[in-house]
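A.B. asks: Just dropping this structure here.
Only the coordinates and a few stated rules stand behind these numbers; no lab work does. No experiment lies behind these values; they were computed from the predicted model shown. Because the Cβ atoms are built from the backbone with ideal geometry, glycine has one as well, and the counts that use them run over all protein chains shown.
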Amino acid sequence: MPVAGRKQPPVAVEKEEAVVTSTISGREWELPGMWNRMFEPRVLRDYGSKGFAEVIKHPGAESLEWCYGCAKCVPVCPVDVVGEYGPRKIHRKVQTGMDLFSSPDLWLCTTCANCLRVCPKEVNMVNIMPAAREVAVGEGKVPNELQDVFEKTFRYGNALGENPRRRHAWTKDAGVPVRVLPSDPSPVDVLFYVEDYWSYHPRGKQAAQAFARIATAAGLDFAILGPEEKTLGDSQRLAGEKGLFESLMEDVAATLSKYDFTRIVTPDPHGFNALKKHYPRYGHTYEVEHYTQTLAPLVDKLSFPKAIDKKVTFHDPCYLGRHNGEYDAPRTLLAAIPGLDLVEMGRCKQNGYCCGGGGGGMWLDGFTANYTNERLSERRVREAAETGAEILAVCCPYEVSRFEDAAKSTGNEHLKVVDIVELLDYAMGGPSSIGAAVGS
Amino acid sequence: MSNQSVVVIGGGPAGLRAATTVAELGERVTLIEQRSFLGGTPIAENYASLTPHLHSAEESIGAIVTRLQGLPGVEILTETEVQSLQGEAGDFTVSVSGPGGNRDIAAGAIVVATGFQHFDPGRETQMYGYYEYPDVVALQDLEAMIKDGNIVRPSNGETPKRICFIQCVGSRDRQIGNEYCSKVCCGVASKEAIEVREAIPDSEVFIFYIDMRMYGYWESQIYWPAQEKHHVQYVKGIVTEILRKEDKLLVRGEDTTMGRPMEVMMDMVVLSVGMEPSAGTRKIAGVLGINQNKYGFIDVANPPLDTVSTSRDGIFAAGAALGPADLEDCSSSGGMAAARAVALMRRAVAAG
């Protein structure tokens, strides 16, 4: 029994496996331990404030202790829907002795901010998680697959571990000239910050090419950094690698200072979030737009000779919508496409359901699978399919690969996952990479 | 000014406010208090500070006593009790007995402010062991320790390092008969928790609750600071068993958030006892012939917008005699009852 003041907290011994020797044959049987734990509810004994003290001393994590247990976060937490995890449960678990820095719970939050949206006490997981993860990162307690991405990012400047010199390889097949600033550093209006997945992922490259064609048709003066581009690192920051984020930021800021541009346009809501909210805290302030915000005011100037006679549903990226308040620009673009019929999912706009990719979740699918009964992306794809849509439109580079995988694994192959930029490009008569998806 | 006075029965926060208001309105007032001192339960039960502002109880209540004593037309009778009542509204005769013997007072109207008493947790003795375990105390016991500046475990005089409050003791309970919420205990427990954390910085303080009822500004005045600034640990789920374990107390309940049984060792357990009508309130209702509700508090005749009229014309009630009330309620209803009493008396005089 624990004795206050000088107590030895009881340690629950949980054997993952037990070896039982048969008294008849002498043979040894391995038994998993989880089944018998299910019969006995473990008694909570170790209540206290010390767990909070350990967490809240890290700047950003103060609000963990503020939870008063109303449970508003539980129904809106995308992870809670598919597993045992829940924001308010973290509060109680820390109160009852859980070491957050060693707990799997530390890595399940996608920082989608839906709990914060409804939290009356403003318990801010978007700040708590990176602060606590930074401690775990410092102690080397990082899931291997995430550590691998940190190292790739550190070494190559992108999360995929791709060759930095091939950053702009996609421009070859764009069908329009794309100016690369290091080769032609004259002043430019739009600095197109391509980010990792549009630079390297096959489907992302097609989207980047589509953007280049639309921008050219719209008369935008734009250029890219090419081999000098590095990721803006927002998801690495949220996954706990603040040091890596800061070092990337200094590199990026130094690169940007060499060129004369008016605004930065990026397809990545995560990078957008970094430039909008976090770079300014370090004195690096830029005019920044998500590509949907850049194109939405231009739709009247564009012509759409081809119709897309399809039912389309749209997934709001957490970091464009909830984090930065932009819900209209993507919908303006979709509405401009002739024939397109937009049907909203039940969870949309402010209550959009997370794809599971945020806050480092993009690189934790293997880890997360151990603690959830299905992927968030699978859950989301099933919601999209329930609308009867044939196309799931997205505007975050993480989502195409996530939702394509999920469409296959949930038996919804008929649901095509397409970036809005590709839909626009098709309707404008661009060389179609998505003809199979949108063709009648 | 007529030769009548308003008789205020009870010298606690509500009665003091009522008597002061009558005097401020220019009428005579006689304040009758059975104890030898004014201030009511907050003083009699050694409250350290008042909820929610944590001002000293003695200073806050002392200020209003001083104000009352300085007003003209005020008569204060301590150690005095009401024996009987004759007459009717506008022309009552109140018979009292006190140190100077019996006397009759001509009263135009009467304000009853006889207050509450703390629920006796001995009535739940099997559950919490209030009289069995020295280290199980009630809110007012801890108040007295805080006032003394000496918070110790009654069993051995040591400083407690783990203290928990158990909410809703004697309230919201059909079996006990107190089906009402006592309104103030969530705030008072949180206030005392803050004071314990300040007095014993290395202590761990817990509050086990059904739901925290911190209405109005108390939410941000007490509850949130207790949790966010003073690190008081709030756990949803009520303790239903206290067992002696060596020289500590093992409290057992359910953690309803996690859906698990819970067992925690404590040095001291504080029962957040609710309010019941005081013996004086029960008695005066019979003496004056006014209705009580099923819980024994004075019944309000015309709820909800008339908060102070009783079943008998000319008799008003205020404060916790009407039911669970915080100090703000008591002061408000005290002033209201006084205004109504003065108005009635003036109408009676005008009517001749």
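A.B. asks: Give, as a single signed number, the net charge of other residues whose beta carbon lies under 13 Å from the beta carbon of A:LYS408, with Lys and Arg counted +1 and Asp and Glu -1.
C.D. replies: Values: positive: A:ARG375, A:ARG382, A:ARG402, A:LYS416; negative: A:GLU378, A:GLU404, A:ASP405, A:GLU413.
With Lys, Arg at +1 and Asp, Glu at -1, the neighbours total 0.
A.B. asks: Give me the distance in nm between label points sitting 7 Å out from Cα along the Cα-to-Cβ direction at A:THR21 and B:ARG103, one decimal.
C.D. replies: Modelled inter-label distance: 9.7 nm.
A.B. asks: Of all trypsin sites (Lys or Arg not before Pro) in segment B:146-245, which ones are in loop regions per DSSP and have a Cβ with at most 13 other Cβ atoms within 10 Å?
C.D. replies: Working: sites: B:LYS147, B:LYS161, B:ARG162, B:ARG172, B:ARG174, B:LYS183, B:LYS191, B:ARG197, B:ARG213, B:LYS229, B:LYS236, B:ARG244, B:LYS245; in loops: B:LYS161, B:ARG172, B:ARG174, B:LYS183, B:ARG213, B:LYS229.
Qualifying residues, ordered by number: B:ARG174, B:LYS229.
A.B. asks: Residues of A:44-53, mean number of Cβ from any other protein chain within 10 Å of their own Cβ, rounded to a whole number?
C.D. replies: On the way: counts 12, 6, 3, 14, 6, 9, 2, 1, 2, 1.
What the average comes to for A:44-53 is 6.
A.B. asks: At most 13 other Cβ atoms within 10 Å and a DSSP loop assignment: could you name the chymotrypsin sites (Phe, Trp or Tyr not before Pro) in segment B:89-190 that fit?
C.D. replies: Taking segment B:89-190 and a limit of 13 other Cβ atoms within 10 Å, the loop chymotrypsin sites (Phe, Trp or Tyr not before Pro) found are B:TYR131.
A.B. asks: Here is a follow-up. Computed FRET efficiency, Cβ-Cβ of B:ALA350 and B:LEU54, R0 41 Å: what is it to the nearest 0.05?
C.D. replies: Details: r = 46 Å, r/R0 = 1.11.
For B:ALA350 and B:LEU54, the calculated efficiency is 0.35.
A.B. asks: Can you tell me, using C-alpha contacts under 8 Å and at least 6 residues apart, the relative contact order of chain A as a whole percent? Show your work: numbers first, answer last.
C.D. replies: On the way: 771 pairs, mean separation 63.1, N = 440.
Rounded, it is 14 percent for chain A.
A.B. asks: If I stretch the segment between B:SER36 and B:LEU305 completely, what's the gain in nm (0.36 nm per residue apart, minus their alpha carbon distance), one decimal? Numbers along the way, then the final one.
C.D. replies: Details: separation 269, 0.36 × 269 = 96.84 nm, distance 3.50 nm.
Additional length available on full extension: 93.3 nm.
A.B. asks: From the square roots a ≥ b ≥ c of the eigenvalues of the alpha-carbon gyration tensor of segment B:1-79, which class results: rounded (a/c under 1.5), prolate (a/b over b/c), or oblate? Don't skip to the end; give the middle numbers.
C.D. replies: Working: a/c = 2.71, a/b = 1.80, b/c = 1.51.
Prolate, because a/c is 1.5 or more and a/b exceeds b/c.
A.B. asks: Could you calculate the FRET efficiency of A:ALA307 with A:ARG382 from 1/(1 + (r/R0)^6), where r is the beta carbon distance between them and R0 is 35 Å, rounded to 0.05? Provide the component values of the computation, followed by the final result.
C.D. replies: Working: r = 28 Å, r/R0 = 0.80.
About 0.80, to the nearest 0.05.
A.B. asks: Quick one: putting +1 on the C-beta of Lys and Arg, -1 on the C-beta of Asp and Glu, what dipole do you get for the protein assembly as shown around its Cα centre, in Debye to the nearest 20?
C.D. replies: Its charge dipole is roughly 540 debye.
A.B. asks: Quick one: putting +1 on the C-beta of Lys and Arg, -1 on the C-beta of Asp and Glu, what dipole do you get for chain A around its Cα centre, in Debye to the nearest 20?
C.D. replies: On the way: 51 positive and 58 negative charges, 167 e Å.
That gives a dipole near 800 debye.
A.B. asks: Just tell me how shielded A:64-72 is by partners: mean number of partner chain Cβ atoms within 10 Å of each residue's Cβ, no decimals.
C.D. replies: Numbers: counts 0, 6, 3, 3, 11, 9, 2, 2, 0.
For peptide A:64-72, the averaged partner shielding equals 4.
A.B. asks: So, one more: If I model a spin label at A:THR332 and A:ASN351 as a point 7 Å from the Cα along the Cα→Cβ vector, what separation in nanometres do I get?
C.D. replies: In this crude label model, A:THR332 to A:ASN351 measures out at 2.6 nm.
A.B. asks: Let me know the charge dipole size of segment A:50-138 about its Cα centre in debye, to the nearest 20, where only the beta-carbon of Lys, Arg (+1) and Asp, Glu (-1) is charged. Spell out each step's value before the answer.
C.D. replies: Values: 10 positive and 9 negative charges, 43 e Å.
Around 200 debye, computed over segment A:50-138.
A.B. asks: Shape verdict for the protein assembly as shown, please, from the Cα gyration tensor: rounded (a/c under 1.5), prolate (a/b greater than b/c) or oblate. Can you show the working numbers first?
C.D. replies: Numbers: a/c = 2.96, a/b = 2.03, b/c = 1.46.
Since a/c reaches 1.5 and a/b is larger than b/c, the shape of the protein assembly as shown is classed as prolate.
A.B. asks: Using modelled backbone amide H atoms (1.01 Å from N, in-plane), which distant-in-sequence or interchain residues come within less than 5 Å of A:ARG179's amide H?
C.D. replies: Distant-sequence amide H within range of A:ARG179: A:ILE224.
A.B. asks: Further, regarding this structure: Kindly work out what percent of the DSSP beta bridges joining two residues of chain B are antiparallel, to the nearest 5.
C.D. replies: On the way: 35 of 69 bridges.
Antiparallel bridges make up about 50 percent of those DSSP assigns within chain B.
A.B. asks: Helix A:202-217 against the longest principal axis of chain A: what's the angle in degrees, Cα atoms only, rounded to the nearest 10?
C.D. replies: So the inclination is approximately 40 degrees.
A.B. asks: From the P(r) of chain A, can you give the percent of Cα pairs sitting at distances over 28 Å?
C.D. replies: 53
A.B. asks: Going 7 Å from the Cα of B:ARG260 in the Cα-to-Cβ direction, what parts of segment B:210-234 have a backbone nitrogen less than 19 Å from that spot?
C.D. replies: It comes to B:233-234, nothing else.
A.B. asks: Could I ask something else about it? What is the mean number of Cβ atoms from other protein chains located within 10 Å of the Cβ atom of each residue in peptide B:258-268, rounded to a whole number?
C.D. replies: 5
A.B. asks: Can you bin segment B:120-274 into rounded, prolate or oblate? Criterion: square roots of the alpha carbon gyration tensor eigenvalues sorted a ≥ b ≥ c, rounded for a/c under 1.5, prolate for a/b above b/c, oblate for the rest.
C.D. replies: Details: a/c = 1.28, a/b = 1.02, b/c = 1.25.
Because its axes are fairly even, with a/c under 1.5, segment B:120-274 counts as rounded.
A.B. asks: Could I ask something else about it? Helix check for chain B. Which DSSP H runs span at least 24 Å along their own axis by Cα, with a mean Kyte-Doolittle hydropathy no less than -0.5? Don't jump to the answer; show the numbers that get you there.
C.D. replies: Values: long enough: B:327-351 (36 Å, 0.52).
Helices meeting the span and hydropathy rule in chain B are B:327-351.
A.B. asks: HN-Hα J couplings of segment B:201-218 from phi, Karplus 6.51/-1.76/1.60, θ = phi - 60°, integer Hz, Gly and Pro as x?
C.D. replies: Residue by residue, segment B:201-218 yields x, 9, 8, 10, 10, 10, 10, 8, 9, 8, 8, 6, 10, 10, 6, x, 6, 4 Hz.
A.B. asks: According to a simple spin-label model (label point 7 Å from Cα along Cα-to-Cβ), what is the distance in nm between B:LYS229 and A:LEU298?
C.D. replies: Placing both labels 7 Å beyond Cα along the Cβ direction yields 5.3 nm.
A.B. asks: If I model segment A:302-438 as equal point scatterers sitting on the Cα atoms and use the Debye formula, what is log10 I(q)/I(0) at q = 0.18, 0.19 Å⁻¹?
C.D. replies: With no solvent term, the Cα-only Debye profile gives -0.98, -1.09.
A.B. asks: In addition: Starting from one equal scatterer on each C-alpha and no solvent at all, send me the Debye-based log10 I(q)/I(0) for segment B:63-165 at q = 0.17, 0.20, 0.22 Å⁻¹, two decimals.
C.D. replies: Treating every Cα as an identical point scatterer, log10 I(q)/I(0) equals -0.89, -1.04, -1.19.
A.B. asks: First select every other residue whose beta carbon is under 9 angstrom from the beta carbon of A:ASP189; then total the charges, Lys and Arg +1, Asp and Glu -1. Mind dumping the intermediate values first?
C.D. replies: Details: positive: A:ARG263; negative: A:ASP221.
That works out to 0.
A.B. asks: Taking the beta-carbon count within 10 Å as an exposure proxy, list A:VAL149, A:VAL176 from fewest neighbours to most. Please report the intermediate quantities before stating the final value.
C.D. replies: Details: A:VAL149 23, A:VAL176 13.
Ranked by crowding around the Cβ, least crowded first: A:VAL176, A:VAL149.
A.B. asks: Using Cα atoms only, what is the angle between the long axis of helix A:125-138 and the major principal axis of chain A, expressed in degrees (0 to 90) to the nearest 10?
C.D. replies: 70
A.B. asks: Hey, with R₀ at 25 Å, roughly what FRET efficiency would A:VAL43 and B:MET127 work out to, going by the Cβ-Cβ distance, to 0.05?
C.D. replies: On the way: r = 20 Å, r/R0 = 0.78.
For R0 = 25 Å, the calculated efficiency reads 0.80.
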